[in-house]
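Visitor: My structure is below; once you've seen it, I'll send some questions.
Read-outs throughout are calculated quantities, based only on the coordinates presented, and are distinct from any laboratory measurement. Note that the coordinates shown come from a computational prediction; the quantities given were computed from them, not determined experimentally. Positions of Cβ are backbone-derived with ideal geometry, glycine not excepted, and every protein chain shown enters the neighbour counts.
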Amino acid sequence: MTKPVLATLSTIALLGFAAGAGAQGVGALDANGDGVLTIDEVQLVMTELTAEEFAAMDINGDGALDGAEVDAAREAGLLPA
């Protein structure tokens, strides 16, 4: 993981993404309020996030991260805890 990505992860934590993720919803990044995060929503803050990195978090391959996938990504260290 590059230094800019690590810095961006810290920014996400400050924006409340980590605090609002998982069972409580996907947090402030859910721009349209549909309960999931698309790559576009995540890349608004994690500008260095690649499609491959997002796909690694998208367990079911539906193109969006639901609360369970956000929780799993946090546990795997892909998103801030």
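Visitor: Considering only region 50-59, state which residues are closer than 18 Å to residue 71 by Cβ and either without any contact (Cβ under 8 Å) to a residue 12 or more places away in the chain or of a type in the set (A, V, I, L, M, F, W, C) (or both). Give the steps one after another, and end with the answer.
Guide: Looking only at region 50-59, we keep the residues that are closer than 18 Å to residue 71 by Cβ, and these are 53-59.
Passing the criteria: 54, 55, 56, 57, 58, 59.
Visitor: Can you tell me how many residues within region 62-77 are in a helix (DSSP H, G or I) and either among the β-branched types (Val, Ile, Thr) or touching a residue at least 24 places away in the same chain (Cβ under 8 Å) (or both)? Walk me through it before giving the result.
Guide: Restricting attention to region 62-77, the residues satisfying the condition of being in a helix (DSSP H, G or I) are 67-75.
If we keep only those that are either among the β-branched types (Val, Ile, Thr) or touching a residue at least 24 places away in the same chain (Cβ under 8 Å) (or both) too, we end up with 67-68, 70-71, 74.
Looking only at that region, the number is 5.
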